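The values are calculated or read from the model by the stated rules, or taken from the named source; none is laboratory data. In this text the structure is predicted, and so the values were computed from the model without any measurement. Every residue, glycine as well, gets a Cβ built from its backbone with ideal geometry; the counts of neighbours run over all protein chains shown. Ligands, DNA and RNA are excluded from the accessible area calculation, which covers all protein heavy atoms including side chains. Shrake-Rupley method; radii C 1.70, N 1.55, O 1.52, S 1.80 Å.
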Amino acid sequence: MTPTLDHVENWVFDLDNSLYPAACDLFALVDRRIRDYVARRLDLDPDEARRVQKGFFRDHGTTLAGLMANHGVDPHDFLDYVHDIDMARLAADPALVAALDALPGRKFIFTNADERYARRVLDAIGLANAFDGFHDIHTMDYVPKPDPSAYEKLCRRLDIDPTRSLFADDMARNLAPAKAIGMATLWIDNGSEQAGGVAQPDFVDYRTNDIAVWLGEVTGKETA
């Protein structure tokens, strides 16, 4: 362990585009089903459904939050539909599996998706048994990252001391609330989200474009 991370007892990870390469573009499958759900539920053509979808994401953090607030959508109905996708484009990364296994302390998934979907993804990438717990959109009471309440609930539910924790996410904006409560932060800068033109925001402690390589360096499990 590097000296600056000796204090970390809790390793908290985002899921999509963080624990598998953004190049897999798995979320494109989910994204299309979200558009189709919006079109069907609100009786819109695909282009207008896409506009509404992205507006809800921008204004509410997730399309689901916008649909719930404005149209009373049942979250279970929405999530069951949009997460019904093929995981065939995912594969295990042995270096990531080994590095996560070598991490001391507890490991958690913190995702705006739901636990059932997260478990399917983890199974596909060889990490089915790698984590000690999940904090998903249901346990957030449907108030998603980056709302500060999601982080407070995470720490309370899973008995996490934020000052002894690290949070890793591919979306830089999701790191700001974690930093505000004392977490170390890792931005997985893999192209899935830019940071508003800022090379490295002040709420980012560490930055990598490959989570397996970074964790390998932290744990001493580098691969040739």
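Given the residues Val12, Val8, which is the only one that is over 21 Å from Arg119 (Cβ atoms) and in contact (Cβ under 8 Å) with a residue 60 or more places away in the chain?
On inspection, the qualifying residue turns out to be Val8.
Just checking, how many residues over the stretch 157-183 are under 14 Å from Phe203 (Cβ atoms) and acidic (Asp, Glu)?
Count: 1.
Matching residues to (1) open to solvent by less than 20 Å² (accessible area, probe 1.4 Å); (2) without any contact (Cβ under 8 Å) to a residue 40 or more places away in the chain; (3) touching a strand residue (DSSP E or B) at 6+ places or on another chain (Cβ under 8 Å):
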residue: Cys24; (1), (2), (3): no, no, no
residue: Arg41; (1), (2), (3): no, yes, no
residue: Ala49; (1), (2), (3): yes, yes, no
residue: Phe56; (1), (2), (3): no, yes, no
residue: Asp59; (1), (2), (3): no, yes, no
residue: Ala69; (1), (2), (3): no, yes, no
residue: Val73; (1), (2), (3): yes, yes, no
residue: Leu79; (1), (2), (3): yes, no, no
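In the stretch 182-193, how many are at pLDDT 95 or above and out of contact with any strand residue (DSSP E or B) (no Cβ under 9 Å at 6 or more places or on another chain)?
0
Residues of the stretch 1-45 being among the acidic types (Asp, Glu) and part of a helix (DSSP H, G or I), which ones?
Listed by number, the residues that qualify are Asp31, Asp36.
Here are some conditions: (1) part of a helix (DSSP H, G or I); (2) at pLDDT below 95; (3) within 22 Å of Phe57 (Cα to Cα). Val143 meets all but one. Which one does it not meet?
Unmet condition: (1).
When you go through (1) open to solvent by 40 Å² or more (accessible area, probe 1.4 Å); (2) over 11 Å from Asn112 (Cα atoms) one by one for His138, which number turns out not to apply?
Checking His138 against (1) open to solvent by 40 Å² or more (accessible area, probe 1.4 Å); (2) over 11 Å from Asn112 (Cα atoms), the one that fails is (2).
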